[in-house]
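The values are calculated or read from the model by the stated rules, or taken from the named source; none is laboratory data. Quantities reported herein were computed from a predicted structural model and do not represent experimental measurements. Positions of Cβ are generated from backbone atoms using ideal geometry, with glycine treated the same way; all protein chains shown enter the neighbour counts.
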Amino acid sequence: MPKTCMNCGCKLGFLTGEHFDGSLCDKCFVMFGGSEIHYLENDPDEYLNVYEEIKKKIDAKADLNADKDRIKNAFLSFMDNQFKYITGSGLGEFFARKEADQRRILRNKEKEVQHVRYAKSFREYYEYDVVTIINEDHGTVDKAKMMEILAEHSKNGWKLHTIYSNELGKNALKILGIGINSTACEDVMIFERRVENIDEE
């Protein structure tokens, strides 16, 4: 029994061409956008975009008596096999992973919203200031400079929140005629100050 196109019903053969193991003719394959598939490489999002366009064309251009779902599934299977040949995994596996990633991102966003609501429940807001102090040439802390900064910030309502040292490199020095190496560092001071309390408004 001769094969026929599952869309237009024409007999498939040398002149009509055939796709999907002899179930769709060249004319219908091209009409639905099948020629675009051959230019796809390994970008799964491009496969999805092309498949969505193919589905729209099938809905708009398929014959009234054609089984549109069967045609769509044939295209999807064909594209899945091509993607698997190129990348080693099917589109279904990729989109399952993508869906899982999207669900995880959504959960993380929901958690962040909850954290923000919790933080705002205290009805207090803060601002921060960062000050850096380069250590002395011999690597010791510039105590005088640090005391000056602490006193100045304290007068303006700031409190020291965090302090840590950040290594910048090595310094070559001579002390009493002897060459030594010292570590060049900066002290990073982070100050915090409450700027608003909603209850006080």
Flagged pairs (Cβ under 8 angstrom, 6 or more apart or on separate chains; first in the range 99-128, touching a residue at least 12 places away in the same chain (Cβ under 8 Å); second outside any helix (DSSP H, G or I) and β-branched (V, I, T)) are Y125/V195; Y126/V195; E127/V195; Y128/I190
Residue pairs qualifying under the 7 Å Cβ cut-off, at least six apart or on distinct chains, with the first in the range 81-93 being assigned by TED's automatic domain parsing to the domain that holds D21 and under 13 Å from E41 (Cβ atoms) and the second being of a type in the set (S, T, Y) and part of a helix (DSSP H, G or I), are F83/Y47
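Per-residue answers, yes or no, for (1) of a type in the set (V, I, T); (2) surrounded by 10 or more Cβ atoms within 10 Å (Cβ to Cβ); (3) at pLDDT 85 or above:
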{"site": "F94", "(1), (2), (3)": "no, yes, no"}
{"site": "E112", "(1), (2), (3)": "no, yes, yes"}
{"site": "Y118", "(1), (2), (3)": "no, no, yes"}
{"site": "S121", "(1), (2), (3)": "no, no, no"}
{"site": "E124", "(1), (2), (3)": "no, yes, no"}
